[in-house]
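S.K.: This is the structure I have questions about; it appears just below.
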Amino acid sequence: MFKKQLSIKNIVAIGIGAAVFIILAKFVSLPSPVPNTSIQTSYAFLALMAVVFGPIAGALIGLIGHALNDAISYGSVWWSWVVVSLFVGFIIGLVAKRINIESGVFNKSKLITFNVVQIIAQAIGWFLIAPVLDILVYAEPANKVFVQGLFAGVSNMVTVGVIGSILLFAYSKTRTQSNSLHREL
Amino acid sequence: MAVEMLSYIERKSPIHQLAGVTKLLCFIIWSTAAMLTYDTRILLFLFVLSIVIFITSKIKIKEISFILIFILVFLFLNNIAIYMFSPQEGVKIYGTSYILFEIAGRYNVTVEQIFYQINITLKYFTVTPVALLFIVTTHPSEFAASLNKIGVSYRISYAVALALRYIPDVQRDFRNIALAQQARGVDLSSKEKLSKRIKNAASIMIPLILSSLDKIETISNAMELRGFGKNKERTWYSARPFQSRDYITLVIFVLLLIFALVITFHDGNRFYNPFK
């Protein structure tokens, strides 16, 4: 029973992860080729944390990080989009066991698994959940929110696909592989 | 790189003296009311009330003006976007169309559209002062204690407290790493090619992430040593006991919510329609 609750390490990972998420969202956004838009790197970090610490941590980093960031930088929380961060963190976290990044191996098949899952999660999140909630809660015009969601979704998919994969690869390099010892002859 | 953030502002005022839980609950009630209603009369009433509350808090406009300007710009752009995508939304909602003048094609200016967009803007104006106040008048550690008190598990509340506590630390780490990498010629601005820029971003993110993972290790070991999570409950250093003013405030806010919902939904529609 006790083991099933959040472990101390996961609690700390959620807290620190949310703090890093906020800093990345505020400072590390790259100017993109499309005018007036930027590439958010924080979702790549969210994906990495979800893969390392699992679905619950991923979901809560998305929830707390996004909600706190909205609150301290815009003064109000855009809940319909916060829900998407929670959802994306959770779904990507579901493949944590399969990818098993702690093994130190991040090969082509794991890379493909990761990207397929992140694209599916973000497609449902940005193309469906965010616009529908915007319409239900804020009664905004449908075509406006779908275009917004489409744009946010595609740019986040590309960011997570490129930067997220780089991060996962770099992280796996820091883990020791189980067969890394060999007898010297 | 000095980006301003909202943070706690120490002051002696009736709002500051309320317990964190009271403020959190009132904030939730207020957002729910403002989110559900589209009734202009209610929104106007809540807006005026929020200004009154804001004045009581003795927070000066100057102290949060950087955020206010940002919000106003955002609202302006949002309004333009709504009009671009859906110039007939107001007509659709209110069912009538009083055209003021035509621009081109489906783009005309109707009284209904203007009224609808005023409502959307008003909705933000209603929530913003209260949300801002909640952030600047609640101490971060009291906020975590309040979350626990309204039923969020103390583990998750503690994670929120950790996040708030470590934002400045992570920001300092980030700044050191970014400056060190810039000194080595790593460029994130649009002068660099996009593919190179992405690679450069990773070269800042990787040290930041690895140092944060080390931090996670250290902190969780320290918490483990102190027996965190052993008991079902936990006390908070900064939790404040309820006083009569907290009960009074809560009762007033609950009554406000009921009042707002009754007025909004008594005719079965979220929108107040002055055009009928």
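S.K.: Write down the Å³ per residue value for the convex hull defined by the alpha carbon atoms of chain B.
M.R.: Normalising the Cα hull of chain B by residue number yields 194 Å³.
S.K.: Something else now. Given a cut-off of under 8 Å on Cα pairs at least six residues apart, what relative contact order in percent is computed for chain A? Each step should come with its number before you reach the end.
M.R.: On the way: 258 pairs, mean separation 41.9, N = 185.
That works out to 23 percent.
S.K.: Could you estimate the translational diffusion coefficient of segment B:132-276 from the Stokes-Einstein equation, with Rh from the Kirkwood formula over C-alpha pairs, at 37 °C and 0.692 mPa s, in whole µm²/s? Let's see the in-between values first.
M.R.: Numbers: Rh = 20.4 Å.
Here the translational diffusion coefficient equals 161 µm²/s.
S.K.: Give or take rounding to whole Å, what are the principal axis extents of the alpha carbon atoms in the protein assembly as shown, in descending order?
M.R.: 92, 60, 44
S.K.: Would you kindly calculate the mean projected area, averaged across all directions, of the convex hull enclosing the Cα atoms of chain A, in square nanometres?
M.R.: If I average the Cα hull's projected area over directions, I get 13.4 nm².
S.K.: Right, something else. Can you give me the relative contact order of chain B as a percent, contacts being Cα pairs under 8 Å and 6 or more apart? All intermediate terms of the calculation are to be shown ahead of the outcome.
M.R.: Numbers: 226 pairs, mean separation 92.4, N = 276.
Relative contact order, chain B: 33 percent.
S.K.: I want the local charge near A:LYS144. Using Cβ-Cβ distances under 11 Å, sum +1 for each Lys or Arg and -1 for each Asp or Glu among the other residues.
M.R.: Residues near A:LYS144 contribute -3 overall.
S.K.: Where the convex hull is taken over the Cα atoms of segment B:61-155, what is its projected area averaged over directions, in nm²?
M.R.: Here the figure is 9.3 nm², rounded to one decimal.
S.K.: Cross-link partners among lysines for B:LYS191, C-alpha distance below 18 Å, same-chain residues fewer than 8 apart left out?
M.R.: In chain and number order, the partners are B:LYS199.
S.K.: Another question, if that's okay. Less than 19 Å apart at the alpha-carbon level, and either on another chain or at least 8 residues along: which lysines does that give for B:LYS62?
M.R.: B:LYS12
S.K.: Using every pair of alpha-carbon atoms in segment B:155-237, split the distances into 5 Å bins beginning at 0 and state the percent of pairs per bin, rounded to integers.
M.R.: P(r) for segment B:155-237, in whole percents per bin: 3, 12, 17, 19, 13, 11, 9, 7, 5, 4, 1, 0.
S.K.: Let me ask something else about it. Please report the relative contact order for segment B:155-237, taking Cα pairs under 8 Å with a sequence separation of at least 6, and give it as a percent rounded to a whole number.
M.R.: On the way: 20 pairs, mean separation 23.5, N = 83.
Answer for segment B:155-237 is 28 percent.
S.K.: Mind pulling the per residue volume of the convex hull built on the Cα atoms of segment B:13-113? Å³ is fine.
M.R.: Taking the convex hull of the Cα positions in segment B:13-113, it is 135 Å³ per residue.
S.K.: Run a plain Debye calculation on segment B:79-120 (Cα atoms as equal point scatterers, no solvent) and give log10 I(q)/I(0) at q = 0.14, 0.15, 0.16 Å⁻¹, rounded to two decimals, same order as the q list.
M.R.: Per q value, in the given order, log10 I(q)/I(0) is -0.24, -0.28, -0.32.
S.K.: Also, quick follow-up: From the backbone phi of segment A:82-97, what are the Karplus-calculated ³J(HN,Hα) couplings (6.51 cos²θ - 1.76 cosθ + 1.60, θ = phi - 60°) in whole Hz, Gly and Pro given as x?
M.R.: 4, 4, 5, 4, 4, 4, 4, x, 5, 5, 5, x, 4, 8, 3, 4
S.K.: Helix B:154-183 versus the longest principal axis of chain B: what is the Cα-based angle in degrees, 0 to 90, to the nearest 10?
M.R.: Helix B:154-183 and the main axis of chain B meet at about 80 degrees.
S.K.: Give me, ordered by chain and number, the residues 5 or more places off B:THR37 or on other chains with an amide H under 5 Å from its own placed amide H.
M.R.: Placed amide hydrogens put nothing under 5 Å from B:THR37.
S.K.: Rounded to the nearest 10 degrees, what's the angle between the helix B:61-85 long axis and the longest principal axis of chain B, both from Cα atoms, 0 to 90?
M.R.: The two axes meet at around 50 degrees.
S.K.: Among the listed pairs B:LYS23/B:LYS58; A:LYS110/B:LYS215; A:LYS26/B:LYS149, give every one whose C-alpha distance is greater than 19 Å.
M.R.: Correct reply: A:LYS110/B:LYS215; A:LYS26/B:LYS149.
S.K.: May I ask for the net charge around B:TRP30, where only other residues with Cβ less than 14 Å from the Cβ of B:TRP30 are counted and Lys, Arg are +1 while Asp, Glu are -1? Could you put the intermediate results ahead of the total?
M.R.: On the way: positive: B:LYS23, B:LYS123; negative: none.
Neighbour charge sum, excluding B:TRP30 itself: +2.
S.K.: Once segment B:100-141 is represented by equal point scatterers at the alpha-carbon sites, with solvent omitted, what log10 I(q)/I(0) does the Debye formula produce at q = 0.21, 0.27, 0.29, 0.32 Å⁻¹?
M.R.: Debye curve over Cα of segment B:100-141, log10 I(q)/I(0) at q = 0.21, 0.27, 0.29, 0.32 Å⁻¹: -0.72, -0.88, -0.92, -0.99.
S.K.: Nearest 10 degrees is fine. How inclined is helix A:142-159 to the longest principal axis of chain A, computing both from alpha carbons?
M.R.: That works out to roughly 20 degrees.
S.K.: Straight-line reach from B:LYS276: which lysines fall under 30 Å, measuring Cα to Cα and dropping same-chain residues less than 8 apart?
M.R.: Within the straight-line cut-off, B:LYS276 pairs with A:LYS144, B:LYS92, B:LYS123.
S.K.: Just report the Cα centroid separation between segment B:20-64 and segment A:66-110, whole Å.
M.R.: Between the Cα centres of segment B:20-64 and segment A:66-110 lies a distance of 31 Å.
We did not get these values from a lab; they are worked out from the coordinates using the rules stated. These numbers were taken from a predicted model, which means no experiment stands behind them. When we count neighbours, we look across all protein chains shown, and the Cβ atoms used for this are built from the backbone with ideal geometry, even at glycine.
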